[in-house]
Structures are given as structure tokens and as C-alpha cells.
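A short write-up of the structure that comes next.
The values are calculated or read from the model by the stated rules, or taken from the named source; none is laboratory data. As the structure is a prediction and not an experimental result, all values here were calculated from the model. Because the Cβ atoms are built from the backbone with ideal geometry, glycine has one as well, and the counts that use them run over all protein chains shown.
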Amino acid sequence: MNANKIWNIKCLVVATIIALVAFLFFSHFLNLQKQKLKADETLKSSVYGNLLWTEVDRELNSILFISNGMASYISAYRDDLRPKKIKFILKDLWERSKHVRNLGVAVGYQLTYIYPEANNLKIIGTDFRNIPQQWPKVKQAIETRQGVFDGPVDLIQGGQGFIYRYPIFLDGEYWGIMSTVINTNEFLDSAFKNTPKNHQFAIRTYDDKKVFYGDPKLFTDKNTYQQTSIVPNGKWEWAIKNHTNTFTDQLIIYQIIGFLLSLLFGVTAYRTIQAVGMLSEQAMLDSLTHLPNRRLLQKRMEVAHYSCKRLHKMMAILIIDIDYFKKINDTYGHDFGDEVIKIVANGIKATLRDSDTVSRVGGDEFIVLLKEFKVLDNVHAIAHKLTQVFASPWLVLDKEITIHLSIGISIFNPDDPVSVKELLKEADIALYDSKAQGRNRFSFYQKGQ
């Protein structure tokens with residue numbers, strides 16, 4: 001894999017990481033916004049739920065006071081409980097109350113007095129113990145000696161209603177029970193008439209989960225806030241619909257926008273890194289041949305020198321000149337000469353391994369770095385191949401010319417190490433030796449030259 005492909009892969013990896021980080025940032029930001037808005041909406045629903053219950057509780061207390069008042073009357077006038085008087089009190093209480101369907105007093109367990117009697121005559125004389133649907137709450141009121149709120153329940157006389165049972169004890173002994181039957185819809189509509197219609201809501205009983213107000217589906221909706229309220233010896237459950245806001249509704253759109261922005265960041269990062277890399281690469285490359293220049297070559301030679309010393313391997317430096325290049329320039333012109341330099345650069349590069357380096361260091365001079373080899377014959381074979389590559393004439397700008405190279409070679413031996421500077425000096429001496437021997441040849445540096 002060549003250096004350009006490796007560099008492109010590195011750029012792509014970095015750009016992908018940047019795009020991924022940007023996407024995660026956007027996702028985290030959107031999630032935080034979603035959670036914040038959800039918390040705000042839950043708080044609003046909670047406040048709204050408390051407002052609803054406050055209205056119900058106020059309306060309910062005004063009704064439940066009737067039962068408590070009747071119990072107090074019976075306790076105070078226990079010695080004068082004439083039927084006519086009890087009926088009169090029931091009539092007066094009923095006329096003063098709101099949303100009450102009827103009031104009833106049971107002596108013992110038998111419903112004895114009721115007002116109004118119209119439409120309710122058939123329940124007079126009924127024993128609560130014989131009403132399976134109502135007896136458990138009656139029994140609970142008696143056993144706990146507290147008022148019990150029940151319903152809505154199916155009434156014997158027809159229809160539905162809430163029933164508040166309040167037990168009456170005289171001198172510690174059970175005497176009877178007061179029943180207040182409340183019109184369910186009338187009561188709830190009155191309680192909620194002044195509350196703002198900010199949310200949908202539904203109410204159900206805690207024990208049997210029977211929904212008696214609102215849409216039952218709200219209790220299975222994941223976007224509802226649920227709370228519990230205490231009624232006398234019982235509980236109600238509320239489901240309050242959270243408002244869906246524009247942000248939540250359009251969350252998928254924002255996520256897509258975040259994804260596209262992340263891609264844009266990634267593409268921008270890729271192009272920026274490529275541009276910076278290109279500028280950096282251009283600073284390290286020869287403008288004519290795009291080969292490494294002297295600056296990059298120096299770095300690679302230092303790395304190779306250190307590696308060969310550490311791994312106990314040899315390296316070689318070849319300094320190459322184009323023979324009679326000045327004559328070529330003078331004869332055919334500088335443009336022609338530039339084409340010759342490019343042909344030589346490509347020819348040298350094609351002869352080397354991918355791990356080796358060929359550099360143009362100025363004019364018609366090239367330096368080749370061969371690193372990490374064990375057998376000197378490998379260097380000899382490469383040098384010989386270089387001379388053979390240019391043995392035949394080349395066609396340059398429609399003109400056929402012969403190109404010859406003079407090569408000087410120095411070898412780094414880990415058993416007798418010298419510096420990079422010394423290796424360059426030795427290769428330069430060997431190059432002059434090649435030229436002195438008639439050019440178009442290669443020479444190895446020999447100690448003592």
C-alpha cells in the first residue's frame with residue numbers, strides 16, 4: 001500500500017472519529033433537552049393534578065359534612081328519635097346540599113329512613129348484609145368506626161353514584177349508619193368547572209381499577225403523569241396527559257439534522273486535514289518531480305540510520321547525477337531538461353522497493369536511500385539495474401535521446417558505523433570516482449579514497 005493510500009485512510013479515520021464525536025454531542029444535547037422538557041411537563045402535570053384534587057376535595061368536604069352532622073344530631077337527640085323528626089332533618093339537609101341524590105339512615109343494618117322517598121321506596125327496609133356489592137364497605141365503616149367513601153357503585157334503585165357511609169355509635173355501641181348518595185357526573189362536573197382545561201385526565205378507583213371519569217386509555221399511555229389521592233378510607237388514581245411539545249414532536253427531524261451536521265463536520269475535517277497534509281507534503285516534496293526533497297530525505301536517513309544501528313543491519317546511500325545534463329539543457333532548452341529530470345525520477349523510483357527513498361536534492365542530482373539489507377550484492381544489483389534502465393534511448397518531447405547516469409555509493413556497516421553526514425560525503429567521493437572513470441557507471445566508496 002503506497003503512502004498516499006495510507007494517508008487517505010488516516011484522514012478518513014480521523015474525519016470519521018470527528019463526525020462520530022459530533023453526532024454523539026448532538027445526540028447528548030438533544031437527549032438533555034428532551035429530559036428537561038419532560039421534567040418540566042411532569043411538573044406542570046403534577047401541579048395540575050394537585051389543582052384538580054383540591055377542587056374535588058373542597059366539593060367533597062361540603063357534602064361529607066352532611067353525614068357527620070346527621071350523626072351528631074342522632075347522638076345528641078338519642079332519646080327523642082321520632083321518625084317524623086328524622087325525616088324532617090333528612091329533608092332539610094338534602095335541600096341544603098348539592099349533588100346529593102338521596103340521604104339514608106339505617107337502624108342497625110336495615111335502611112329505615114330515606115329522603116327523597118320518590119324513586120327510592122323499593123330500597124326502604126333493605127338489609128345491607130343482603131347487598132353483596134355494598135356490604136364490604138358498610139362492614140369496613142362499622143369495623144373502623146370511620147367514614148368510608150365508595151364508588152361509583154351500581155345503585156339498587158337504578159343508576160350509579162358515590163356513597164359515603166358514616167357509622168353511628170351511641171355509648172360505644174353500634175346504632176346504625178348514615179348513607180349519602182352523590183350524583184357522580186354532576187359532582188365531578190361541578191368540581192372541575194372552574195379548573196383550566198390544560199390537560200386531558202382520567203380517574204379510577206384504586207382497588208378495582210374502574211375508570212369513572214375520562215378516557216381509560218390514558219392509564220396505558222406512556223406520556224401520562226399518574227398520581228394517587230386519598231378519599232375517606234380509599235384511594236383514587238389519576239392519569240394526566242402530558243402535553244407533547246413541538247420539540248418532542250420534531251425530535252426525529254432534529255436528530256436527522258444533527259446527523260447531517262455531523263457528516264458535514266466529518267467531510268470538512270477530512271478536506272481540511274487533506275489540505276493541511278497536502279501543504280505539509282508539498283513543503284517536503286520537490287515541485288518538479290514530487291519526490292522527497294532534501295529536508296524529508298534528511299529525516300528519513302536519520303530514522304534509517306538509527307534503525308540499522310539498533311537492528312544491526314546495513315543501509316546504502318546512492319548519489320546520482322545525469323551525465324552531460326548541462327549540454328542537454330543548452331541544446332534543447334530548459335523545458336526539455338525538466339522532462340528529462342522527470343523521466344529519470346520515474347525510472348529510478350520504478351527500480352526501487354516501496355520502502356526505499358529516492359530524492360531530488362537539486363538540479364540533476366538525486367539521492368537514493370536503501371535501508372535495512374543484509375547482503376551487499378542487493379545494492380550492487382540495484383545499481384546495475386539503474387544503469388540498465390537508461391541503457392536504451394528515451395523519447396522525450398518527440399526527440400529520442402540517450403540518458404546516462406553516474407552513481408556513487410556508500411555503505412553503512414553496523415560493525416564500523418559512521419554518521420549520516422559521513423555517508424553522504426563518502427557517496428559524493430564515489431560519485432566523482434564514477435565520473436573520473438568515464439561516467440555512465442557506478443562506484444562504491446572504498447576506504448582510503
Since LYS385 meets every condition but one in (1) within 22 Å of LYS309 (Cα to Cα); (2) not in a strand (DSSP E or B), which condition does it not meet?
-> (1)
Inside the range 386-403, can you point out the residues that are in contact (Cβ under 8 Å) with a residue 60 or more places away in the chain and crowded, with 19+ Cβ neighbours inside 10 Å?
-> LEU386, ILE403
Are there any strands (runs of 3 or more DSSP E) wholly within the range 45-154 with 3 or more residues that are among the aromatic types (Phe, Trp, Tyr) and within 30 Å of LYS241 (Cα to Cα), and if so which?
-> none
Can we say LEU30 is in contact with a Leu (Cβ under 7 Å, 6 or more places away or on another chain) and at pLDDT 80 or above?
-> no
Please work out if ILE411 is within 60 Å of the chain's Cα centre (by Cα), at pLDDT 90 or above and among the aliphatic types (A, V, I, L, M).
-> yes
Residue by residue through the range 195-210, note down the ones that are of a type outside the set (Gly, Ala, Ser), in a strand (DSSP E or B) and either more than 19 Å from VAL148 (Cα to Cα) or not assigned by TED's automatic domain parsing to the domain that holds ARG58 (or both).
-> PHE201
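For the range 20-38, how many residues meet the condition of being within 13 Å of the chain's Cα centre (by Cα) and over 17 Å from ILE253 (Cβ atoms)?
Count: 8.
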Please go through the range 340-356 and pick out each residue that is part of a helix (DSSP H, G or I), farther than 17 Å from LEU285 by Cα and of a type outside the set (A, V, I, L, M).
-> GLY347, THR351
In the range 93-103, is there at least one residue being in contact (Cβ under 8 Å) with a residue 60 or more places away in the chain, farther than 24 Å from VAL211 by Cβ and aromatic (Phe, Trp, Tyr)?
-> no
Check on ILE9, without any contact (Cβ under 8 Å) to a residue 60 or more places away in the chain and over 26 Å from the mean Cα position of the chain (by Cα) = yes
Within the range 319-332, is even one residue outside any strand (DSSP E or B), at pLDDT 80 or above, in contact with a Pro (Cβ under 8 Å, 6 or more places away or on another chain) and surrounded by 15 or more Cβ atoms within 10 Å (Cβ to Cβ)?
-> no
Does any residue in the range 43-67 that is under 15 Å from PHE187 (Cβ atoms) come within less than 7 Å, Cβ to Cβ, of a residue that is of a type in the set (Phe, Trp, Tyr) and in a helix (DSSP H, G or I) six or more places away or on a different chain, and which pairs are these?
-> LEU52/PHE192; GLU55/PHE192; GLU59/PHE187
What number of residues within the range 212-228 are touching an Asp or Glu at 6+ places or on another chain (Cβ under 9 Å), in a strand (DSSP E or B) and over 18 Å from LYS38 (Cβ atoms)?
-> 1
Under 30 Å from LYS222 (Cβ atoms) and in contact (Cβ under 8 Å) with a residue 24 or more places away in the chain, is that true of PHE201?
-> yes
If you take the residues of the range 124-156 that are farther than 25 Å from GLU173 by Cα and among the aliphatic types (A, V, I, L, M), which of them is surrounded by the fewest Cβ atoms within 10 Å (Cβ to Cβ)?
-> ILE156
Considering each of ILE66, ILE18 in turn, give the residue that is touching a strand residue (DSSP E or B) at 6+ places or on another chain (Cβ under 8 Å), surrounded by 15 or more Cβ atoms within 10 Å (Cβ to Cβ) and among the β-branched types (Val, Ile, Thr).
-> ILE66
Determine which member of the set SER410, SER406, SER419 is under 24 Å from ARG295 (Cβ atoms), surrounded by 14 or more Cβ atoms within 10 Å (Cβ to Cβ) and of a type in the set (Ser, Thr, Tyr).
-> SER410
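Out of the residues in the range 155-178 that are part of a strand (DSSP E or B) and more than 20 Å from ILE63 (Cα to Cα), which is modelled with the lowest pLDDT? Spell out the reasoning first.
Here is the first cut: in the range 155-178, the residues part of a strand (DSSP E or B) are 160-170, 173-178.
Next, from what is left, pick out any that are more than 20 Å from ILE63 (Cα to Cα): 169-170, 173-175.
On the way: PHE169: 91, LEU170: 87, GLU173: 90, TYR174: 91, TRP175: 91.
The residue in question is LEU170.
A quick yes/no check of all residues on (1) charged (D, E, K, R); (2) more than 18 Å from VAL344 (Cα to Cα); (3) out of contact with any Gly (no Cβ under 7 Å at 6 or more places or on another chain); (4) not in a helix (DSSP H, G or I):
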residue: GLU400; (1), (2), (3), (4): yes, no, yes, yes
residue: SER410; (1), (2), (3), (4): no, yes, yes, yes
residue: ASP416; (1), (2), (3), (4): yes, yes, yes, yes
residue: ALA427; (1), (2), (3), (4): no, yes, no, no
residue: LEU431; (1), (2), (3), (4): no, no, no, no
Among residues of the range 38-64, those that are of a type outside the set (Val, Ile, Thr) and in contact with a helix residue (DSSP H, G or I) (Cβ under 6 Å, 6 or more places away or on another chain), counted = 2
When (1) free of Cβ contacts under 8 Å to residues at least 60 places away in the same chain; (2) in a strand (DSSP E or B) are applied to ASP189, the one that fails is (2)
When both residues are 6+ apart or on different chains and their Cβ atoms are under 9 Å apart, which pairs have a first residue that lies in the range 310-321 and is assigned by TED's automatic domain parsing to the domain that holds SER419, and a second that is among the basic types (Lys, Arg) and not in a strand (DSSP E or B)?
-> LYS313/LYS374; MET314/LYS374; ASP321/LYS435; ASP321/ARG439
